[in-house]
Amino acid sequence: MSNFLFMVEWPELQEPAGKAESLVHADPRAACFYARYAMERAVGWVYRFDPAMDQPGYDHSLNSVVFIAVMFVYRRWTSPATTTA
């Protein structure tokens, strides 16, 4: 039983995530590779399908794009228009 069965609509994300899960005990190093690959694909998917997200033009490293995405969400949640007193 996989934790990623809900992702059937996104096979490009489900396949590497499921592969990472299946290898976690047999080959942890390969599982880490597939987990990172799945995360890179997921973050790329977010940038492709959310028109409000602008991918940084200078640095496409996973660290950079995740940081920009987190800051985008943080600013959206903490903006005065969305907070209540």
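Every read-out reported here was derived from the displayed coordinates using simple, explicitly stated rules and does not represent laboratory data. This one's a predicted model, so the numbers in the text were calculated from it and none came from an experiment. Backbone-built Cβ (ideal geometry, glycine too); neighbour counts: all protein chains shown.
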Note to self: Would you confirm, using the coordinates I've provided, whether ALA52 is touching a helix residue (DSSP H, G or I) at 6+ places or on another chain (Cβ under 6 Å), free of Cβ contacts under 8 Å to residues at least 40 places away in the same chain and small (Gly, Ala, Ser)?
What the structure shows: no
Check: Applying the selection to the range 1-34, what residues are assigned to a loop (DSSP other than H, G, I, E, B) and of a type in the set (Val, Ile, Thr)?
Finding: VAL24
Notebook entry, point to check: In this structure, does PHE67 turn out to be surrounded by 15 or more Cβ atoms within 10 Å (Cβ to Cβ), farther than 18 Å from TRP10 by Cβ and free of Cβ contacts under 8 Å to residues at least 24 places away in the same chain?
Noted result: no
Next item on the list: From (1) surrounded by 13 or more Cβ atoms within 10 Å (Cβ to Cβ); (2) in a helix (DSSP H, G or I), pick out the condition that doesn't hold for ARG48.
Entry: (1)
Margin query: Every residue in the range 1-25 that is farther than 11 Å from ALA42 by Cα and of a type in the set (S, T, N, Q), please.
Written below: SER2, ASN3, SER22
Next item on the list: Name the one entry in TYR74, TYR37, TYR58 that is among the aromatic types (Phe, Trp, Tyr), in a loop (DSSP other than H, G, I, E, B) and without any contact (Cβ under 8 Å) to a residue 24 or more places away in the chain.
Entry: TYR58
